[in-house]
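Have a look at the structure below, then the notes.
The values are calculated or read from the model by the stated rules, or taken from the named source; none is laboratory data. In this text, all values refer to a predicted model and were calculated from it rather than measured experimentally. For neighbour counting, all protein chains shown are included, and Cβ atoms are generated from backbone atoms with ideal geometry for every residue, glycine included. Only protein heavy atoms, including side chains, enter the accessible area calculation; ligands, DNA and RNA are left aside. Shrake-Rupley method; radii C 1.70, N 1.55, O 1.52, S 1.80 Å.
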Amino acid sequence: MNQESGDPPMAWRYAGNQVRLWREGAGITRERLADECGYSAEYEKSMEYGRRKPTSRLLEVADQMCDAGGKLLSGTQFLKPEKYPSRSADFMAAEEEAVAVHGFEPLLAPGLLQEERYMRLLMAHSFPPMDIEEIEPKVQNRLARQALMRKRTTTLYSFLVYEAALRTNIGGPEVMRAQLFHMLESSQLPHVTLQVLPMGAGFGLALHGTITLLDNPDHTRYAYTEGQKTSALYSDPAQVNALTQTHGMIRMHALSAEESARFIRKVADEL
């Protein structure tokens, strides 16, 4: 989605508008095109107006029915999801070259520690809803980031997780238990540490949102924060210093790595 206005991506609107123009030019009703695709007319309409991403199925069928000669189908390549949302692309680039990554998550498992089923459920229940063909590339990209974390043994990864994130019960007990044990397994890597901030400990700091600190080879530090439909990557020393101090205060109240592992196992046993 457009970061500033919340509008659908321009590529969605352009492709959808082209389908509508070709359809009307060929004298084909929306209902007929939708039926040929196996969609409802309302679903097809939402794609024509760019509220949903036009599917490859719609473009293929519309191209054939409207005798567009491949002009509609060629739009498929421009509708592929970006590897990362534009608002987080700079963060992903900084993360890839960082020599140390320090993160705090108040409500969800950190992305680099998410088990695949848990990850898929979060994406499937996002809003506006994502199509399956949008979810899969995002899942694979996140799994690739996790694989990179495991390989980069000279990079330090430290994760702070608020207790609330351990008790969200996303997907039910089976999925949540798998998620907790996945976090524990990842924390056994020699370059990865995981700590839990218990409920009531530093509670004011814990409720202000995510923080990720990135130390780069040139000895610069970036700070990244995320919220509802917004994010920011800070390089300004004053902003970075403030968020570094907040992260440090949270860590002061957290359990040790050993205590945290025991705590997570206890939560898993309670599910």
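A Cβ distance below 8 Å, combined with a sequence gap of six or more or placement on separate chains, defines the contacts here; from the stretch 196-211, residues that are part of a strand (DSSP E or B) reach residues that are open to solvent by 20 Å² or more (accessible area, probe 1.4 Å) and among the aromatic types (Phe, Trp, Tyr) in the pairs VAL196/PHE263. Only residues that are within 21 Å of GLU259 (Cα to Cα) and either of a type outside the set (Asp, Glu) or surrounded by fewer than 13 Cβ atoms within 10 Å (Cβ to Cβ) (or both) were counted across the stretch 144-174, and they come to 12. When we screen GLU105, GLU116, GLU95 for residues that are open to solvent by less than 40 Å² (accessible area, probe 1.4 Å), at pLDDT 80 or above, out of contact with any Gly (no Cβ under 6 Å at 6 or more places or on another chain) and among the charged types (D, E, K, R), the only hit is GLU95. From the residues in the stretch 221-237 that are closer than 14 Å to ALA98 by Cβ and open to solvent by less than 50 Å² (accessible area, probe 1.4 Å), which one is nearest to the chain's Cα centre (by Cα)? Restricting to residues being closer than 14 Å to ALA98 by Cβ and open to solvent by less than 50 Å² (accessible area, probe 1.4 Å), the top hit is TYR224. Filtering the stretch 124-141 to residues that are in contact with a helix residue (DSSP H, G or I) (Cβ under 8 Å, 6 or more places away or on another chain) and either open to solvent by less than 60 Å² (accessible area, probe 1.4 Å) or free of Cβ contacts under 8 Å to residues at least 24 places away in the same chain (or both) leaves ALA124, MET130, ILE135, LYS138, VAL139.
Taking the residues in the stretch 181-196 that are of a type outside the set (Val, Ile, Thr) and under 11 Å from PHE159 (Cβ atoms) as candidates, determine which candidate is surrounded by the most Cβ atoms within 10 Å (Cβ to Cβ). Spell out the reasoning first.
The initial filter retains those residues of the stretch 181-196 that are of a type outside the set (Val, Ile, Thr), namely 181-191, 194-195.
Now drop any that are not under 11 Å from PHE159 (Cβ atoms), which leaves 183, 186-187, 194-195.
Working: MET183: 26, SER186: 21, SER187: 19, LEU194: 23, GLN195: 22.
Residue satisfying both the conditions and the ranking: MET183.
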